[in-house]
1. Which of Glu53, Glu97, Glu190 moves most in a GNM of the chain, Cα contacts under 10 Å?
2. In Å³ and rounded to a whole number, note down the convex hull volume per residue for the Cα atoms of segment 103-216.
3. For segment 67-131, what D do you get in µm² per second when you plug the Kirkwood radius from alpha-carbon pairs into Stokes-Einstein at 37 °C and 0.692 mPa s?
4. Leaving out ligands, DNA and RNA, what percent of the accessible area of the chain is carbon and sulfur, probe 1.4 Å?
5. Using protein chains only and a probe of 1.4 angstrom, how many square angstrom of Met1 are accessible, to the nearest 10?
6. Under the rule of at least 5 residues apart or a separate chain, name every residue whose amide H is placed under 5 Å from the amide H of Val6.
7. List the relative contact order of the chain as a percent without decimals, with contacts defined as Cα pairs under 8 Å and 6+ residues apart.
8. Pick from Gly155, Gly123, Gly189: which residue has the top mean-square fluctuation in a GNM of the chain where Cα pairs under 10 Å get a spring?
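The values are calculated or read from the model by the stated rules, or taken from the named source; none is laboratory data. Small disclaimer: the values here were computed from a predicted structure and weren't measured. Note: accessible area is taken over every heavy atom of the protein model, side chains too, but ligands, DNA and RNA are not part of it. Shrake-Rupley method; radii C 1.70, N 1.55, O 1.52, S 1.80 Å.
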Amino acid sequence: MHSVEVGGAWLQLLAERAAFMADEGTLLVADIHVGKDASFRGLGVPVPPGATESTLDRLSRVVGDTQARRLVVLGDFWHSSRSRAPEVLAALANWRERHAALQVTLVRGNHDQRAGDPPAGLGIRACDAPLALGPYRLVHEPETLPQDEGYVLAGHVHPCVVVGGRGFDRLRLPCFHFGERVGVLPAFGEFTGGHVLPREPGDRVFAVADGRLHAV
């Protein structure tokens with residue numbers, strides 16, 4: 001866990017690709033893409049099962065480690081409407097039962113707009129961006145809001161950094177990317193890609209590798 005001051009407040013960054021607002025007891029994750037593996041299999045792509053369960057297990061560990069009272073998903077809870085396969089819904093119901101006291105809020109992302117809100121039985125509140133929480137405005141797609149509205153925390157682009165040499169010696173590592181007025185969290189889901197963001201002077205980037213955070 002690595003504490004950084006962002007937008008006038010402290011965030012605890014976790015190598016599990018999540019951020020924790022200790023003063024609010026709130027865990028922030030982005031781009032879970034629940035059921036992405038099932039969605040691909042529904043299209044006939046032979047993707048092995050297990051990504052959704054692995055993602056939910058990791059989320060359980062982070063909730064337990066932080067003792068979070070609230071979870072906010074910064075968009076793309078679902079991958080697609082095909083993600084609502086019976087085995088995915090069963091895994092979600094089991095996960096929610098294990099964390100019945102946890103308040104869960106989804107700030108709708110572009111995939112959620114197409115796939116729909118989580119089933120009512122899961123007790124997940126869905127809302128449109130921005131969601132105000134402390135000094136932050138929580139959104140899905142990175143955008144600059146008027147400065148007096150707060151610092152923006154977003155997801156959507158699955159930020160990463162490229163390290164290493166050339167060709168096959170290069171690695172793409174998920175990262176947290178904090179600019180002057182907008183910060184972007186890495187994708188939490190197991191089965192996601194990455195996009196390298198332009199880096200401006202003063203930006204702070206923390207890559208995730210080998211279960212640790214590394215300032216880049």
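1. It is Glu97.
2. That works out to 144 Å³ per residue.
3. Rounded, D is 270 µm²/s.
4. 50 percent
5. Spelled out: Met1, probe radius 1.4 Å, area about 140 Å².
6. Leu11
7. 21 percent
8. Gly123
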